[in-house]
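No value in this document is a laboratory result; all are computed from the given coordinates. Everything numeric here is computed off the predicted structure, so don't read it as measured data. Here the Cβ is made from the backbone with ideal geometry for all residues, glycine too, and neighbour counts use every protein chain on show.
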Amino acid sequence: MDYFTVRPSQTQFFKTVPFYYQSEEGEFLLYKKAGDMLDAERTENTRHPHLFISNKDKDTALKELTTGLNREFERLLRQGGGLLEIKQALGNIVREALTPGQETAMLALPETIDILFKNMDQDHTTMEYLAQMATASEFMVEHTVNVTALTLQYCFFKKMNEGETSVYALCALLHDVGVATLDKSLVNTTERLTEKQFQRYQAHAEAGHDMIILNTDFNIAVANVALEHHERLDKSGYPNGINTLCMESQLIGFIDCYEALTYRDKTFRKAKTPFKTLHLIKEEVIAGKFSPRLFKAFTSCLTR
Ligand SMILES: [Fe+2]
Ligand SMILES: [Fe+2]
């Protein structure tokens, strides 16, 4: 297909690229030329047809979109917008990076983190609330935003400097980016995966690593975390069954596990309270899967 769909909620972000609509005969016809904005009133009343952007304009369009989403996020943080709105705005940015075929959307994320830092309240309470709050977004988006919020909460608690914290935040935002390459049926399910499906699901670790290496020049830790966040210190993890993981992979892997148990309400497994989750993870620590020091530090971070 030479054209891709514009989400109706995002039409206002595009100026430099032309829009097309599809005629009854299936032909793509120009709807708005490059440089024009859509009529705001019509957009508000959603009176536009289904709109498309040409694939040849994809990179420009994605850049414009992610810049617009970052501006929106910044505006909400600056104006002290509602927490739910802030979380959704961050979710909108993450969603683009997790959309299949949109690898370059990742490139907007360092700016997102920058905006977060510049507009963060001094005592970092926003981050704590964001981590606790549930939104109605799709589950990978929600999961990624939660993991990122918990990671930032931990970095602030450990009083890491801004440079270190940024790397951790980027690792968290992109740890599951490889999921974009998986078949949707493996991701949007609340059922337990079969053995075969789980094997296919595991491919997201290597896929994410390769996507990051290929499309960005981010700190190498970001690609490492995508590859290693399901590895465990007792070598029981995947994809390689190694126990020599970097600190970033250990932390994000730990938080990934904590988030999944605490927040997700799968049909075969009810979401658990933080206390119960920590109790369960403690057993994993005793079994040698996670570092006891990390467990202790994260527990104090949550219960401080
Ligand atoms: Fe993962
Ligand atoms: Fe994850």
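Give me the net charge of Thr151's neighbourhood, meaning all other residues with Cβ under 10 Å from the Cβ of Thr151; Lys, Arg count +1, Asp, Glu -1.
Values: positive: none; negative: Glu248, Asp256, Glu259.
Around Thr151, the surrounding residues sum to -3.
Per Stokes-Einstein, at 20 °C and 1.002 mPa s, what whole-number D in µm² s⁻¹ belongs to segment 1-152, with the Kirkwood radius over Cα pairs as the hydrodynamic radius? If you can, show how the numbers build up before the last one.
Details: Rh = 16.7 Å.
Stokes-Einstein gives a translational diffusion coefficient of 129 µm²/s.
Tell me the relative contact order for the chain as a rounded percent, counting alpha carbon contacts under 8 Å between residues six or more apart. Walk me through the intermediate numbers first.
On the way: 420 pairs, mean separation 35.6, N = 304.
It comes to 12 percent, rounded to a whole number.
What list do you get for Leu116, Leu38 if you sort them by fewest beta carbons within 10 Å? Please report the intermediate quantities before stating the final value.
Numbers: Leu116 23, Leu38 17.
Least to most surrounded, the residues fall as Leu38, Leu116.
Taking Lys159 as the anchor, which lysines have their alpha carbon closer than 26 Å to its alpha carbon, excluding any fewer than eight residues away along the same chain?
Partners found: Lys87, Lys118, Lys282, Lys289, Lys296.
Given only helices, namely DSSP H runs of n ≥ 4 each adding -39500 (n - 2.57), what is the per-residue ellipticity at 222 nm of the chain, to the nearest 500 deg cm²/dmol?
On the way: 14 runs with 166 residues, N = 304.
My calculation for the chain gives -17000 deg cm²/dmol from helical runs alone.
For segment 71-82, in order, what is each residue's ³J(HN,Hα) by Karplus, 6.51 cos²θ - 1.76 cosθ + 1.60 with θ = phi - 60°, in whole Hz (x at glycine and Pro)?
These are the phi-based 3J(HN,Hα) values: 4, 4, 4, 4, 4, 5, 5, 5, 7, x, x, x Hz.
Just report the Cα centroid separation between segment 174-201 and segment 105-170, whole Å.
24 Å
Using a 10 Å cut-off around each Cβ, can you sort Ser249, Ser23, Ser291 from fewest to most neighbouring Cβ atoms? Walk me through the intermediate numbers first.
Details: Ser249 24, Ser23 10, Ser291 17.
Listing Ser249, Ser23, Ser291 from fewest to most nearby Cβ atoms yields Ser23, Ser291, Ser249.
Report the Stokes-Einstein translational diffusion coefficient (µm² s⁻¹, integer) for the chain, Rh taken as the Kirkwood radius over Cα pairs, at 4 °C with viscosity 1.567 mPa s. Working shown, then result.
Working: Rh = 20.5 Å.
Estimated diffusion coefficient is 63 µm²/s.
Net charge near Lys289, counting Lys/Arg +1 and Asp/Glu -1 over other residues with Cβ under 12 Å of its Cβ? Don't skip to the answer; put the middle values down first.
Details: positive: Arg232, Lys235, Lys282; negative: Glu231, Asp234, Glu283, Glu284.
Residues close to Lys289 contribute a combined charge of -1.
Can you give me the long-range amide H partners of Arg232? Hydrogens built in the peptide plane at 1.01 Å from N, cutoff under 5 Å, separation of 5 or more residues or another chain.
Those qualifying (amide H under 5 Å, at least 5 residues apart or on another chain) are Gly237, Tyr238, Ile242.
Relative to the compact globular guide of 2.2 N^0.38 Å, what is the alpha carbon radius of gyration of segment 54-132, as a ratio?
Numbers: Rg = 13.3 Å, N = 79, 2.2 N^0.38 = 11.6 Å.
Normalised Rg, Cα atoms only: 1.15.
Below 11 angstrom from the Cβ of Ala169, what's the summed charge of the other residues (Lys, Arg +1; Asp, Glu -1)? Please report the intermediate quantities before stating the final value.
Values: positive: none; negative: Asp114, Glu162, Glu164, Glu248.
Net of charged neighbours comes to -4.
Let me make sure I get this right: for segment 1-49, a, b and c are the square roots of the gyration tensor eigenvalues over alpha carbons, sorted descending. Under 1.5 in a/c it's rounded, otherwise prolate if a/b > b/c, else oblate. Which is it?
Since a/c reaches 1.5 and a/b is larger than b/c, the shape of segment 1-49 is classed as prolate.
Restricting to DSSP loop positions (anything but H, G, I, E, B) with no more than 12 other Cβ atoms inside 10 Å of their own Cβ, which trypsin sites (Lys or Arg not before Pro) remain in segment 85-171? Each step should come with its number before you reach the end.
Values: sites: Lys87, Arg95, Lys118, Lys158, Lys159; in loops: Lys158, Lys159.
In loop regions of segment 85-171 (DSSP not H, G, I, E or B), the sparsely surrounded trypsin sites (Lys or Arg not before Pro) are Lys159.
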